[in-house]
Amino acid sequence: MDKANAQKEIAKLRTEIERHNRLYYLEAKPEISDFEFDKMLERLIALEKEFPELLTPDSPSQRVGGEVTREFPAVVHREPMLSLSNTYSVAEVTEFCARVEKLVEAEGGGTPEYVAELKFDGVAISLLYRDGLFVRGSTRGDGRQGDEITPNLRTIPTIPLRLDLPDLPLFGADLSGEIEVRGEVYMRKDDFERLNEERPEEERFANPRNATAGTLKLQDSAEVARRRMSFVAYYLKGHAGESRTHMERLRQLEGMGFVTGGNYRRCKEMTEIATFIDEWAEKRWALPYETDGVVLKLNDVTLWDRLGATAKSPRWAIAYKYPAQQAKTVLQGVTFQVGRLGTITPVAELKPVKLAGSTVSRSTLHNFDEIERLGVRVGDYVMIEKSGEVIPKVISVVLAERLETTDAIEVPELCPECGTKLERPEGEVSWYCPNEEGCSAQRRGRILHFASRNALDIQNLGESLVAQLVERGLASDAGDLYRLTLEQLAGLDRMAAKSAQNVLDALEKSKTRGYDRLLFALGIRHVGAATARELAHACPSIDRLRDTSEEELAAVPDIGPVIAESIRDFFAKPWVAAMLEKLAEAGLPMQAGAAKALVNNNFEGQSVIFTGTLERHVRQQAEEMVRERGGRIVSSVSKKTTIVVAGSEAGSKLEKAMKLGVKVIDEDEFERML
Ligand code: IVH
């Protein structure tokens, strides 16, 4: 293809991709499948690779991440990022309004109006646009200075890379200069659950806010992109065309391409504000994201500066926080769940009670240390809470109401599922059922994990079906699934011929998911989806993985001695070997897809790092060029680094390279090496 045609196709693809992005994320009305979307994106990336000179920073290809940052540079905010004063009482909101009215009056204004909006439970972020282009994004930090995390923020689909300015009549005059937008990065509840599902149990996040904060700190922006975060804007500053009321600014933000959530309302009186607060107390549970209160802002923005701020928060806004959602109920009993790794988890069986938009009748007690910490007994009145957390938990015992008839909760001696004597490994809080191979609960758990969404995503293989398969001896591990026949399946309870065929089809489809997904699906202890991807990269076949020593494994990025040992243990088990044989026989991908052919070997054996700004290449692209020529990209300079490619304004990495005597080359030399 010649350049002119490439340019046309690239432009078309970019417009289409951004349009589908909007349909998906803003309007929740996707027109094409994820697969078709990925194909378009792949095509765009391929074209940009062929014609690097056509790559621009606002291309949707820049959202897939790939840049690895070692340290986040500090940014001093143009104006401090204040926080809000909080209250849990509506009476204090009334006092706030009275205070504002007095201040406004003293400034010679009339009766003030307010905007009530939702308080999003995420992480505050500031975005800087220059000439309409997203150039820098940072965290709040201590309010005066934060961390620059632009590569991570670029991956968030609801952060526009270029603003839709021309559509705004008010923005005709001055398109240059800087615009600052502030808002909240958050994780949707469904994205949060998906993320947790693919993590080993001990690494799960407690709530979407923690997951968001943890993700924004990641140094690998490709991982950030995979985790899918969202952004909602609530503040606009620094433009000649900006309007004089907060209400209009929210509309302007929407016009530029931001999401505001849309759930804000102009209020003239306290009664309207109280209504808004009441309304959302319940309605908020139906939102796809978490909110923890209502923010009230003075609508007239010209008064903001005049009212000013205290040391920490502005005088023109206040946050009303909903009380944590608590309920009192009775602990009717404790049951014990056996996980796929044999862990025994005590589960509180509660008298059903309404809490935060749903009825709660069970809640995890985590482990026996937690039971001891709570001092809880069966028959006790307990308080349960849902605050930020998606899953409710028992937070305390109402001791004053304890009856004489309560019973202590004993650690069971035997596995409730298979009767094997339980064990507690030294130094661990959990008890385990050691009957790994024969325990039905562990068998079921392993098969369900194998079939789960982030693993091989075998639809139609739900809990009751798996329970029947294990109980009737039709499947004891995932390998057996692929030997099931239509007759066997159709003979199960609640299974018509049609659904039996659906299961077989789903099993067939699961063979196409790829080697890294299979590695995750195997359910090796401590190996989550991200670690599985690393492993797949380092050991591109099961045979290789099985033959890699513990020391070699421990040297793979992100895999320490604990994970290495767990992998070794896993492959040493006879039942694992038998299962792998069945999986191979069924045609599951026991190795990575055919590796891409190398362009040449010019970088073979080299460990390369880029620093500073390159003039003719986007960083990601240059790194890929090294990989295509047999080289490795490393993320920090060490004695093992063999080449440092330094662009302009190279900083600490260059210094370190010089100190260590690593070879440093410039962009011209890099191109010659290609
Ligand atoms: S306005 C100067 N609006 O709450 C005030 N903040 O407790 C700027 N937050 O740091 C903030 N939703 O992280 C504002 N609709 C909203 C908000 C909101 C959530 C967060 C924000 C802020 C914190 C203050």
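The values are calculated or read from the model by the stated rules, or taken from the named source; none is laboratory data. Every value quoted in this text rests on a predicted model; they were computed, and no experiment measured them. Cβ sites come from the backbone with ideal geometry, for glycine too, and all protein chains shown count toward neighbours. Side chains included, ligands, DNA and RNA excluded: accessible areas come from the protein's heavy atoms. Shrake-Rupley method; radii C 1.70, N 1.55, O 1.52, S 1.80 Å.
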Q.
Less than 14 Å Cβ to Cβ from Tyr482, Lys/Arg counted +1 and Asp/Glu -1: what total charge do the surrounding residues give?
A. -1
Q) Protein chains only, probe 1.4 Å: how do Lys237, Lys639, Lys3 rank by accessible area, largest first? A) Lys639, Lys3, Lys237
Q) Whose amide H sits under 5 Å from the amide H of Lys119, counting only residues 5 or more places off or on another chain, with H placed in the peptide plane? A) Asp292, Gly293, Val294, Val295
Q) Over the heavy atoms of Lys283, what accessible area does a 1.4 Å probe trace out, to the nearest 10 Å²? A) 100
Q: Can you figure out the FRET efficiency of Arg144 with Glu401, using R₀ = 35 Å and their beta-carbon distance, to the nearest 0.05?
A: 0.10
Q: Just need the relative contact order of the chain here, percent rounded to a whole number, with Cα pairs under 8 Å and 6+ apart.
A: 10
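Probe of 1.4 angstrom, ligands and nucleic acids ignored: what's the accessible area per residue over the chain, in square angstrom? Please report the intermediate quantities before stating the final value.
Numbers: 32840 Å² over 674 residues.
Roughly 49 Å² per residue, with all protein chains present.
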Q: Keeping all protein chains in position, work out how much accessible area Leu598 exposes to a 1.4 Å probe, and write it in Å² to the nearest 10.
A: 90
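How do Trp575, Trp431 stack up against each other in accessible area, from largest to smallest, with a 1.4 angstrom probe? The partial results should precede the final answer.
Working: Trp575 25, Trp431 60 Å².
These residues rank, largest area first, as Trp431, Trp575.
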Q: Return the carbon/sulfur percentage of the accessible area of the chain, one whole number, probe 1.4 Å, all protein chains in place.
A: 49
Q.
On a straight-distance basis, which aspartates and glutamates could pair with Lys39 in a cross-link, Cα separation under 16 angstrom, same-chain partners fewer than 8 positions away excluded?
A. Glu9, Glu16, Glu18, Glu31, Glu48
